[in-house]
Amino acid sequence: MVRNERNTATGSSEERTSRTRAVVRVLGGFTATVGDDAVNLGGPRQRGVLARILIGGGEAVSAEQLLHDVWGERAVEATVGAVQAYVSRLRRLFGPDALPRRPDGYVLDRAAVAVDADLFGSDVDAGRRALARGNDEDAAALLEAALARWTGPSAFGPGAQAQMSFLAPVAARLEEQRVVAAEALADAHARQGRAADDVALLEDLATRDPLRESVAVQLVRALYAAGRQADALAAYDRCCGALADELGVEPTPALRRVRAAVLAHDPLPGVGGTVLPTHLPPRNRSFVGRR
């Protein structure tokens, strides 16, 4: 019964992709294929129009909003006709039904064009539900599949947010969801006795956000499980140093407990036992300008 659920959850994403001729990928880059062929998304404005409609989800995006977001300060020099021209070009790429016109603007029809971020989100949600029920094998398979959709370090690719500032909050949400998926995967592996499998993944996350204590807990745990006690303690020290220097706070009890277990050579919670509470909400860090 558990395996059937996993097949259904993963299959739904893959079947959706296979039934859709066009696929837009934003997880690590900004590319598209139609059938088996890569397509040229055009110049910055055309890519911007596609990106802005895409992130609208099911909500229509008006031509005026597209002018404001994509053209920015030069919106006064453009016309609604310019938007319509780019939409027409995109329809020639993806098909006439890909970007239907609604009374209040344009949408990207997900039945005609699949988006890898949507499939990623579905797999992450299914994986976390499986983990909450204790279905660790299924959770790991779903979360591994979700994370494998990422082809690079940043949503929409390097430099995209600088060119299209409206993407920043969307990219931040996708990257946060990526971290949540990685943390959940580390939990699933730890409960299977595979905590050491995620050292490289967790080291990358800790480098990206040294203040994220939930990642630090899991990294210390993974390094210790891999027999690297000194490295586990060094990872603890790096996180504590960042917390003290940037926020002026002490580490959480969960992080202190995992260090104490490493020092005492004790079995760690979460390795063949109860998982540490690593999915607590992060501290409020807005006052230091971090997302």
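The values are calculated or read from the model by the stated rules, or taken from the named source; none is laboratory data. Remember, predicted model here, so these are calculated numbers, not experimental data. Heads up, the Cβs are rebuilt from the backbone with ideal geometry, glycines too, and the neighbour counts pull from every protein chain shown. Note: accessible area is taken over every heavy atom of the protein model, side chains too, but ligands, DNA and RNA are not part of it. Shrake-Rupley method; radii C 1.70, N 1.55, O 1.52, S 1.80 Å.
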Check which residues have an amide H placed less than 5 Å from V115's amide H, if you skip close sequence neighbours. V24
Using a 1.4 Å probe on heavy atoms of the protein chains only, the accessible area for S122 in Å², nearest 10, reads 60
Just to verify a number: what accessible area does V61 come out at with the full protein assembly present, 1.4 Å probe, Å² rounded to tens? 10
Kindly report, to the nearest 10 Å², the accessible surface of L268 as traced by a 1.4 Å probe over protein heavy atoms only. 10
So for region 135-210, what percent of the C-alpha to C-alpha distances run longer than 14 Å? 65
Taking θ as phi - 60°, what are the ³J(HN,Hα) couplings along region 208-219 by the Karplus curve (6.51, -1.76, 1.60), each to the nearest whole Hz, with x for Gly and Pro? 5, 9, x, 8, 7, 5, 4, 5, 4, 4, 5, 5
Computed FRET efficiency, Cβ-Cβ of R110 and E246, R0 41 Å: what is it to the nearest 0.05? 0.55
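Based on the Cβ-Cβ distance of R92 and S62, what FRET efficiency does E = 1/(1 + (r/R0)^6) give at R0 = 25 Å, to the nearest 0.05? Walk me through the numbers before you get to the answer.
Details: r = 22 Å, r/R0 = 0.87.
It comes out at approximately 0.70.
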Give me the distance in nm between label points sitting 7 Å out from Cα along the Cα-to-Cβ direction at R21 and T207, one decimal. 4.2
Only Lys, Arg, Asp and Glu count, each charged at its Cβ (+1, +1, -1, -1), so figure out the dipole size of region 149-236 about its Cα centre, rounded to 20 debye. 140
Evaluate the Kirkwood expression for the hydrodynamic radius of region 39-180, namely the inverse of the mean inverse distance over all pairs of different C-alpha atoms, and round to one decimal in Å. 16.5
In what sequence, largest accessible area first, do T31, T151 appear using a 1.4 Å probe? T151, T31
Which number do you get for Rg(Cα) / (2.2 N^0.38 Å) in region 57-104? 1.17
